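The values are calculated or read from the model by the stated rules, or taken from the named source; none is laboratory data. Note that this is a predicted model, so its numbers are computed, not measured. Counting neighbours? That spans all protein chains shown, and the Cβs are built from the backbone with ideal geometry, glycine included.
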Amino acid sequence: MDRSTPPMKALYQQLILDHYKNPRNRGELEDRTVEVHMRNPTCGDEIKLQLRIEDDQIVDLKFLGDGCSISQASVSMMSTILKGKGLDEAHQVARRFTGMMHGDEEAARDSTLGNLRSLAGVAKFPVRVKCALLGFDALQEAMKKQQEEEATAGS
Amino acid sequence: MSAPTSVSRQTAGTTPLDPMRVRGDFPILEQEVHGRSLVYLDNAATSQTPTAVLDALSRYYSRDNANVHRGLHELSRRSTDGYEGARGDVARWIGATDPDEIVWTRGATEAINLVAHAWGTANLKEGDEILLTELEHHSNLVPWQMVAARTGARLRYLELDDEGRLRLDPLPEILAGGRVRLAAVGHVSNALGTINPVAEIARQVKEAGGLVLVDGAQGAAHAPVDVEALGADFYVLSGHKMCGPTGIGALWGRKELLDGMPPYQGGGEMISEVGREHSTWAALPHKFEAGTPNIAGATAMATAVQYLEGLGPERILAHEQHLVRRTLEGLKGIPGVRLFGPEDPDARAGVVSFTMETAHPHDIATILDAEGVAIRAGHHCAQLVMKRFGVPATARASFYLYNTDEDVDRLLAGLESVREIFG
């Protein structure tokens with residue numbers, strides 16, 4: 001008998017478990033232009049996100065992290081989607097994903113989110129939303145940091 | 001209010017505690033969570049509240065509510081009696097004799113901060129040492145880090161062996177320096193459940209001229225306490241971990257030490273006379289109780305202590321250790337489970353910390369929650385313990401007097417669900 005309740009199956013989809021067990025783009029990015037270390041102090045999840053951003057485009061990105069399936073699958077999926085994307089698009093994906101985490105059903109149907117849509121079920125588990133957002137928080141911090149550094153270098 | 005109830009300890013005898021009877025005293029346990037009957041295994045975080053304590057709170061607010069020590073009216077007399085009388089109950093629970101040595105605080109954390117600030121600032125100087133352990137809750141680390149930064153004192157640590165027990169072999173060498181002014185040691189670890197050899201540590205520290213503060217947040221809730229036998233100079237406890245309300249705790253300290261300490265906070269209640277430039281302090285224990293205190297909480301602590309005395313601390317601990325034994329045996333049969341803490345169930349109070357190879361502790365907690373089983377996952381405010389064992393977090397089941405064998409079985413069944421999902 002399968003005793004796992006339906007919401008558990010909705011939360012822990014195969015795609016999420018696959019990214020958790022076989023994370024994509026995990027490792028150090030040698031030629032990075034920016035790096036951000038994010039930590040969720042309440043639960044200890046952490047992510048080190050490294051990106052190579054050239055001419056407002058994410059040329060490559062990698063991450064290292066330690067945390068629950070939701071936080072690690074989310075950042076792994078994020079990395080596959082953002083590689084090669086422009087910063088504007090990356091911001092858009094981050095906005096849509098954040099919307100989805102706060103229950104925006106339209107965002108959950110947005111095909112630009114790709115695999116990340118499998119995390120839509122997390123919205124029903126408020127205490128886990130911060131896990132799913134950890135990677136995107138790191139992304140937004142990294143984009144801001146790069147922008148500030150470029151502004152300083154250019155002035 | 002403060003009638004001696006040591007009789008109840010004796011009549012509690014040695015028959016095992018019957019958790020099914022105890023459960024009837026805790027209305028919160030009679031509920032369903034996500035369609036399943038609640039199994040509450042997060043007692044190291046907070047314990048549930050028996051009807052007797054709920055009634056004491058309700059009785060206070062519906063009959064006796066008034067500010068303490070100021071009113072000359074009947075209600076103020078009643079509230080003052082309840083507030084003051086409960087000191088005797090808490091003192092008795094930890095084997096202290098003088099109720100004036102009990103200072104009410106917001107909890108164990110505030111009690112430690114009180115000592116660190118009041119005693120530490122007045123007594124520590126550069127070169128002095130404070131002895132801590134890797135096993136401490138952050139509440140027994142951070143206040144000492146703060147006072148060390150202010151005074152120039154240095155922090156020393158006792159470390160853990162692979163079973164999560166304090167290693168005492170380096171202690172003589174640490175003490176030989178003659179600089180340890182105070183050791184702050186947990187009675188029972190909230191993260192691993194380890195019952196620490198506090199009496200032995202205290203003996204050595206005191207022989208070397210130091211003082212001993214015991215963090216009893218878990219100890220006073222889960223083990224019999226005798227501050228004299230422990231050799232403690234300060235003992236702190238928390239109401240909500242021992243069937244009392246949140247927002248109330250206590251500091252016990254030796255009278256001569258408390259007398260010698262400057263106040264912690266200033267305000268009403270803690271003064272004797274106030275002038276334009278200077279004031280004089282009230283006598284113990286009020287010197288440390290600035291402002292209107294948590295009267296209802298303190299009053300209800302008398303009931304919480306009397307409730308626990310009726311069951312007997314030895315029986316409560318024996319019951320918890322029975323549940324720990326059952327849990328450890330069950331967990332050993334689940335592939336990929338790593339256990340933390342002493343292998344001997346009798347070396348710990350009711351805490352079992354573990355990880356699973358395939359599933360992160362947060363995922364374990366979420367899946368168990370869906371089955372109505374409440375556990376804690378995380379670093380348990382004991383990051384030094386997590387670092388010692390090289391894990392970011394553990395899952396923790398913690399037991400109390402109302403938990404049953406069936407609760408353990410529901411936990412173990414829930415972990416099978418985790419394995420179905422995570423493999």
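The figures follow:
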read-out: Unmet criterion (only one of (1) touching a Leu at 6+ places or on another chain (Cβ under 8 Å); (2) part of a loop (DSSP other than H, G, I, E, B)) for B:Asp259; value: (2)
read-out: Any hit, the stretch B:313-330, residues being assigned by TED's automatic domain parsing to the domain that holds B:Asp346, among the aliphatic types (A, V, I, L, M), modelled with pLDDT of 95 or more and touching a Ser or Thr at 6+ places or on another chain (Cβ under 9 Å); value: yes
read-out: Selection count where residues are within 13 Å of the chain's Cα centre (by Cα) and not in a loop (DSSP other than H, G, I, E, B), scope the stretch B:214-251; value: 16
read-out: Lone qualifier among B:Arg203, B:Arg254 - being among the basic types (Lys, Arg) and crowded, with 16+ Cβ neighbours inside 10 Å; value: B:Arg254
read-out: Members of the stretch A:19-38 found to be without any contact (Cβ under 8 Å) to a residue 40 or more places away in the chain, more than 10 Å from every other protein chain (Cβ to nearest Cβ) and charged (D, E, K, R), listed by number; value: A:Glu28, A:Glu30, A:Asp31, A:Arg32
read-out: Cβ pairs under 8 Å, 6+ apart, first in the stretch B:278-289 and of a type in the set (S, T, N, Q), second outside any strand (DSSP E or B); value: B:Ser279/B:Gly266
read-out: Selected residue [more than 13 Å from chain B (Cβ to nearest Cβ), closer than 15 Å to A:Gly114 by Cβ and among the small types (Gly, Ala, Ser)] from A:Ala73, A:Ala90; value: A:Ala90
read-out: Listing of strands (runs of 3 or more DSSP E) fully contained in the stretch A:1-86 that carry 2 or more residues being hydrophobic (A, V, I, L, M, F, W, C) and surrounded by fewer than 16 Cβ atoms within 10 Å (Cβ to Cβ); value: none
read-out: Qualifying strands (runs of 3 or more DSSP E) (wholly inside the stretch B:82-197; at least 1 residues being over 16 Å from the mean Cα position of the chain (by Cα) and farther than 30 Å from B:Asp55 by Cα); value: B:129-133, B:154-158, B:180-186
read-out: Qualifying positions in the stretch B:392-406 - out of contact with any helix residue (DSSP H, G or I) (no Cβ under 6 Å at 6 or more places or on another chain) and buried (at least 24 other Cβ atoms within 10 Å of the Cβ); value: B:Arg396, B:Ser398, B:Tyr400
read-out: Enumerated strands (runs of 3 or more DSSP E) restricted to the stretch B:351-423, each holding at least 3 residues that are closer than 26 Å to B:Arg23 by Cβ, at pLDDT 95 or above and in contact with a Gly (Cβ under 8 Å, 6 or more places away or on another chain); value: B:351-356
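Residue-by-condition table, conditions (1) over 20 Å from B:Pro245 (Cβ atoms); (2) buried (at least 22 other Cβ atoms within 10 Å of the Cβ):
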residue: B:Gly71; (1), (2): yes, no
residue: B:Arg77; (1), (2): yes, no
residue: B:Asp81; (1), (2): no, no
residue: B:Thr105; (1), (2): no, yes
residue: B:Trp119; (1), (2): yes, yes
residue: B:Glu126; (1), (2): yes, no
